[in-house]
Structures are given as structure tokens and as C-alpha cells.
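Presented below is the structure to which this report refers.
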Amino acid sequence: MNAATTPSAPGKARTYLSGVQSSGLPHLGNYFGAIRQHIELPLTDPAEHFYFIADYHALTTSRDPEELRERVRETAVTYLALGLDVERATLFRQSDVPEVHEITWLLSCTGGMGLLERAVSFKEKIERGLKPNIGLFLYPALMAADILAYDTTFVPVGADQVQHIEIAQDLAASFNAIYGDVFRRPEALLSREHSKVPGLDGQKMSKSYGNSLWIFETGKLLSKAVGRIATDSRPPEEPKDPAGILLLDFLKLFLDPEDHGQWCARTLAGGPGAPGYGHMKQRLIQAIEERFAPARARREELLKDPAEVDRVLARGALKARARAVAVRDRAFRACGLR
Ligand code: TYM
């Protein structure tokens with residue numbers, strides 16, 4: 001990993017790019033680890049921003065065509081409902097930019113096999129019993145192409161994607177070492193506080209682990225999901241180390257630091273004033289309902305207007321594709337295909 005740093009390809013402007021797979025409903029890990037940054041960054045840094053729905057990647061596990069189409073729409077609606085400003089950022093569907101497959105092939109012809117063989121997320125999926133297909137193995141090469149196709153400088157993601165970005169750096173370096181300054185080196189950008197959000201069972205929250213909580217869950221289903229957050233049988237009065245309490249990790253996502261600090265201090269002190277797990281769950285449910293209420297309402301509106309969502313994605317596709325075509329052409333020329 002982290003082979004030679006490649007010189008920057010043409011173009012000095014900062015470009016942010018990231019993707020979310022449409023393999024399930026966007027969850028709290030996606031939001032706090034990545035999507036929140038995607039929405040806030042364009043407001044604070046007027047660079048170029050590209051965010052996409054990774055439907056080609058979703059196909060490594062998805063087998064239901066109707067469900068895939070619906071999840072793509074849901075992911076787009078989620079970005080819009082949460083407030084992505086599509087005047088400042090480009091929102092598009094990965095499969096509207098087929099050039100990424102051409103770039104994947106170029107990278108595959110100069111990159112070493114070992115890079116993909118060492119990919120941790122591939123090994124983890126196999127360990128969890130997933131039957132690997134070729135696409136799952138090639139996943140990081142397609143992701144590298146996604147990143148390099150836009151001359152990306154920063155990739156805002158959760159911690160689980162850092163190795164994939166290192167693979168993109170290495171694949172770019174291998175190609176550039178032979179053909180010159182073609183691909184620009186990207187860097188990962190992690191959320192300072194929440195780059196690894198836990199799931200309901202305390203492991204990393206993941207669509208494929210069955211431990212995730214949909215951003216817009218509400219009412220009884222939300223109570224049921226929060227009820228599943230792992231606890232133990234210690235009574236409320238018993239003083240406890242806050243560091244070992246998963247519910248406090250969840251509360252940290254939503255409460256301001258002072259408020260969260262008080263919950264921790266009361267838990268540590270124990271005694272009659274200490275909060276029980278039931279109390280923490282009630283507070284968490286309330287916080288989730290409140291935080292996402294405005295976006296939940298916008299989501300309902302957007303679902304009634306699919307044509308508007310289609311328009312946003314079509315506009316995004318045009319802009320994203322123009323950029324990817326230019327990079328593909330540059331790479332083709334460099335290696336002798338044109
Ligand atoms: P995906 O769909 O698994 O996750 C989308 C984003 O959410 C982040 N994330 C988390 N962050 C913190 N805690 C968690 N528990 C958690 N779970 C997920 C991920 O790190 C990610 O940023 N391979 C990508 C999709 C992709 C992509 C790309 C991303 C395809 N091409 C190019 C960036 C650039 C993925 O599986 O995302």
C-alpha cells in the first residue's frame with residue numbers, strides 16, 4: 001500500500017467526490033460517517049463536489065431488479081431530503097457514467113493482483129459467509145476508477161473505506177509510473193468524530209450485518225430497533241464506566257457535548273440519580289425523531305414528485321459524464337488506445 005506518490009494530473013482545483021451504495025436503506029453510519037459531510041462541505045468550501053449512488057457496486061449483492069431501482073431512488077431522495085444543495089454539488093447515478101468501466105480496465109492492466117487480494121472488506125465478507133462473485137473481488141478497482149475519473153482530490157468517507165482509497169492511490173501510481181502524469185492522487189477525508197458508527201449489536205453498523213438503523217425510521221419500528229441496542233443486566237444505581245455503554249455511544253451522535261457529558265457523569269456516579277438503559281433508550285428515540293423530522297417531511301414530498309428527482313439525476317449525469325469522458329480520453333491517449 002501507499003506506493004510512490006504520483007504527481008498531480010492536470011487541473012489544480014479541489015474536487016470532492018464520494019458514493020453510497022444503493023444496496024439497502026441509508027443508515028445512521030452512512031449519515032454520520034459520510035452523507036452529513038457531503039451535505040455540509042459544499043456550503044463551507046466552494047470547490048467542485050460530486051456525490052453519486054453506487055448502483056454498479058450494489059449489483060455485487062443485489063438480486064431483485066425492482067428493489068434495486070427503488071433503493072437508487074430512495075438514496076437520491078435521502079440526499080435531497082437531508083438538504084444537499086444540487087446547485088453547488090452534482091448528484092448522479094454511477095451507472096449513468098459507463099466510462100468508469102473503461103478506466104477500471106486500464107487500472108486492472110497495470111495494477112498488481114496482490115492489491116485486491118489484500119482488500120480487507122472482501123475478506124470480511126467471505127468470512128461472514130458471502131459467496132464471492134468476480135464483481136465483489138473487483139469492487140476496489142471499480143471504486144478506484146470512480147474516484148480517478150473525476151480528478152478527485154478528496155474523498156469524504158467512513159473509516160471502513162480508507163483501504164479502498166489507498167488502493168486507488170496505488171492503482172493510479174502504477175498506471176502513472178508507466179504512462180506519465182494521467183491520474184490525480186486522491187486523499188481520504190474522515191469525519192473527525194464519527195468515522196466508525198457502531199451498529200445495534202456494537203459491531204460496525206453495516207447494511208450487510210443486519211445491525212443498522214435507517215435514518216428515517218420512526219414510531220413503533222424505531223422503538224423496536226432502539227430496543228435491540230445491546231445492553232447488560234446491571235441495575236441503574238450501579239456505577240458504570242460510560243466507555244463500555246453502547247447506548248451512550250449512540251446518544252453521542254445526537255446530543256450536544258455538554259448534555260452528553262452529563263449523561264456520562266451520572267452513569268459513572270451511579271446511585272439514585274443515575275439513568276437506566278430504558279431511560280437512555282427513550283432519550284435516543286426522542287433525539288432521532290427530532291433530528292430527522294424536517295428531512296422526513298421533505299422525503300414524503302419528494303416521493304410524490306419522482307419527475308423532479310429524475311431531473312436532478314439527469315442533470316447530474318450530464319455534468320459527471322463530461323468530466324469522466326475527458327479523463328478517460330486522457331488515459332486512452334496516454335496508453336495508446338487513441
Ligand atoms: P457504503 O454504501 O458501504 O457506505 C457509504 C458511506 O458510508 C460510510 N459508512 C460508515 N461510516 C461510519 N460508520 C459506519 N458504520 C459506516 N458504514 C458506512 C462509508 O465509509 C461510506 O463513506 N464503496 C463505497 C461506495 C463507493 C464509493 C466510491 C465511495 C463506490 N465508489 C468512490 C467513495 C468513492 C461503499 O461501500 O459505501
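The values are calculated or read from the model by the stated rules, or taken from the named source; none is laboratory data. Fair warning: this is a prediction, and the values are worked out from it, not measured in the lab. Positions of Cβ are generated from backbone atoms using ideal geometry, with glycine treated the same way; all protein chains shown enter the neighbour counts.
Things worth noting here:
- Some residue of the stretch 188-205 being assigned to a loop (DSSP other than H, G, I, E, B), touching a residue at least 60 places away in the same chain (Cβ under 8 Å), basic (K, R) and within 14 Å of the ligand (Cβ to nearest atom): yes
- Among helices (runs of 4 or more DSSP H) entirely within the stretch 89-131, having at least 1 residues that are hydroxyl-bearing (S, T, Y) and more than 14 Å from the ligand (Cβ to nearest atom) singles out 99-110.
- The listed residue being farther than 26 Å from E290 by Cα and modelled with pLDDT of 95 or more, out of A76, A9, A4, A47: A47
- Residue pairs meeting the criteria (Cβ under 7 Å; at least 6 apart or on separate chains; first near the ligand (Cβ under 6 Å from one of its atoms), in the stretch 18-43; second acidic (D, E)): G19/D146
- Check on V162, under 22 Å from F32 (Cβ atoms), of a type in the set (A, V, I, L, M), modelled with pLDDT of 95 or more and assigned to a helix (DSSP H, G or I): yes
- Enumeration of residues in the stretch 57-75 that are more than 20 Å from P140 (Cα to Cα), without any contact (Cβ under 8 Å) to a residue 60 or more places away in the chain and outside any loop (DSSP other than H, G, I, E, B): P65, E66, E67, L68, R69, E70, R71, V72, E74, T75
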